[in-house]
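Just below is one structure, and these are the notes that go with it.
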Amino acid sequence: MSSIKPITLHAHSSGPNPWKVVIILQELELPYTLVYETPATIKSAPYTDVNPNGRVPAIRDPNTGITLWESGAIIEYLIENYDTEQKISHGSQSPEKWLEKQFLYFQVSGQGPYFGQYTWFARLHHEQLPSAKERYLNEIKRVIGVLNTILEGKNYLVGEKATYADLSFITWSLIGQNAVESAGVDLDKEAPNYVAWMKRLLDRPAVQKALQEKEKASSASAQ
Ligand SMILES: N[C@@H](CCC(=O)N[C@@H](CS)C(=O)NCC(=O)O)C(=O)O
């Protein structure tokens with residue numbers, strides 16, 4: 001691994017999507033350099049030359065020459081290119097490969113956007129729209145419920161080990177958990193499999209390193 005050149009990751013100090021990628025980079029012990037974008041830099045060149053969609057994350061990998069955006073695609077790329085020892089995946093020839101992708105797609109299409117819309121209507125929208133907040137809070141509860149059911153009798157989503165499928169849910173789950181607990185839901189009681197799974201994932205040293213780095217970046221940007 002020492003001959004691998006650092007991968008550049010364009011991130012945001014607080015938004016959850018880039019930090020999903022940091023978790024994967026940490027798990028795979030890959031070298032990386034974070035470049036922090038801000039609301040002032042993200043929607044115009046030179047950043048839009050990297051990601052014309054004007055959002056983070058995006059990576060530039062000098063080892064292959066690729067520039068890539070969309071967190072799900074970046075995670076798949078990192079796994080296929082760098083998880084050669086199948087540390088957090090089951091390998092490209094295994095049937096589990098498709099289940100891992102299934103959960104990654106569920107995360108990027110069914111968790112992130114809905115949890116993100118809740119945050120928007122709860123904190124950022126210019127007027128209070130209780131029905132919009134209610135819709136997205138219900139969706140957070142529903143997604144947590146789906147994961148809780150899938151995790152009945154299981155430690156991880158796919159097979160017997162933590163894979164990128166599990167790890168991709170962490171950063172948005174932390175936000176969703178906060179939202180439903182603030183609304184009075186007792187997750188220990190309502191979703192015990194989900195709570196135990198999150199604890200298992202948060203106990204991983206690589207996950208802790210990534211979240212500590214996120215915490216530092218977000219406190220630095222608040223000063
Ligand atoms: N589908 C994209 C979503 C990316 C996204 O929405 N990123 C947020 C940060 S978590 C962002 O760039 N927000 C800034 C903006 O929309 O201006 C992905 O998964 O990469």
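The values are calculated or read from the model by the stated rules, or taken from the named source; none is laboratory data. Values in this document were obtained by computation on a predicted structure and should not be read as measured data. For neighbour counting, all protein chains shown are included, and Cβ atoms are generated from backbone atoms with ideal geometry for every residue, glycine included. The protein model used for the area step is the full one, side chains on, heavy atoms only, and it has no ligands, DNA or RNA in it. Shrake-Rupley method; radii C 1.70, N 1.55, O 1.52, S 1.80 Å.
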Original post:
Which of the residues that make up segment 14-60 are more than 10 Å from the ligand (Cβ to nearest atom) and of a type in the set (Asp, Glu)?
Top reply: 27, 29, 49
Original post:
What is the residue count in segment 161-215 for residues that are within 23 Å of residue 26 (Cβ to Cβ) and either of a type in the set (Lys, Arg) or assigned to a loop (DSSP other than H, G, I, E, B) (or both)?
Top reply: 11
Original post:
Is there a residue being among the polar types (S, T, N, Q) and either under 21 Å from residue 174 (Cα atoms) or within 18 Å of the chain's Cα centre (by Cα) (or both) anywhere in segment 57-69?
Top reply: no
**OP:** State which residue is farthest from residue 79 (Cα to Cα) when the search covers only segment 107-131 and only residues that are surrounded by 19 or more Cβ atoms within 10 Å (Cβ to Cβ), more than 10 Å from the ligand (Cβ to nearest atom) and touching a residue at least 40 places away in the same chain (Cβ under 8 Å).
**Re:** 118
Original post:
When you look at residue 29, is it open to solvent by 50 Å² or more (accessible area, probe 1.4 Å), among the charged types (D, E, K, R) and either at pLDDT below 95 or not assigned by TED's automatic domain parsing to the domain that holds residue 115 (or both), yes or no?
Top reply: yes
Original post:
Are there any pairs with C-beta distances below 7 angstrom linking a residue in segment 170-187 that is without any contact (Cβ under 8 Å) to a residue 12 or more places away in the chain to a residue that is surrounded by fewer than 19 Cβ atoms within 10 Å (Cβ to Cβ), with the two at least 6 apart or on different chains, and if so which?
Top reply: 181/187
Subject >> All positions within segment 61-81 that are more than 8 Å from the ligand (Cβ to nearest atom), touching a strand residue (DSSP E or B) at 6+ places or on another chain (Cβ under 9 Å) and under 19 Å from residue 113 (Cα atoms) >> reply: none
Original post:
Does any residue in segment 12-33 that is more than 18 Å from residue 117 (Cα to Cα) and hydroxyl-bearing (Ser, Thr, Tyr) come within less than 6 Å, Cβ to Cβ, of a residue that is crowded, with 20+ Cβ neighbours inside 10 Å and at pLDDT 95 or above six or more places away or on a different chain, and which pairs are these?
Top reply: 32/7; 32/9; 32/25
Original post:
Do any helices (runs of 4 or more DSSP H) lying entirely in segment 45-160 carry at least 3 residues that are closer than 23 Å to residue 197 by Cα and either at pLDDT 95 or above or among the basic types (Lys, Arg) (or both), and which ones are they?
Top reply: 71-82, 96-106, 112-119, 130-150
**OP:** Assess whether residue 9 counts as being closer than 21 Å to residue 206 by Cβ, aliphatic (A, V, I, L, M) and either assigned by TED's automatic domain parsing to the domain that holds residue 161 or within 14 Å of the ligand (Cβ to nearest atom) (or both).
**Re:** yes
**OP:** Only one of these is within 30 Å of residue 160 (Cβ to Cβ) and surrounded by 16 or more Cβ atoms within 10 Å (Cβ to Cβ): 100, 85. Name it.
**Re:** 100
**OP:** Could you tell me which residue of segment 172-214 is farthest from the chain's Cα centre (by Cα), considering only residues that are surrounded by 13 or more Cβ atoms within 10 Å (Cβ to Cβ) and of a type in the set (Asp, Glu)?
**Re:** 190
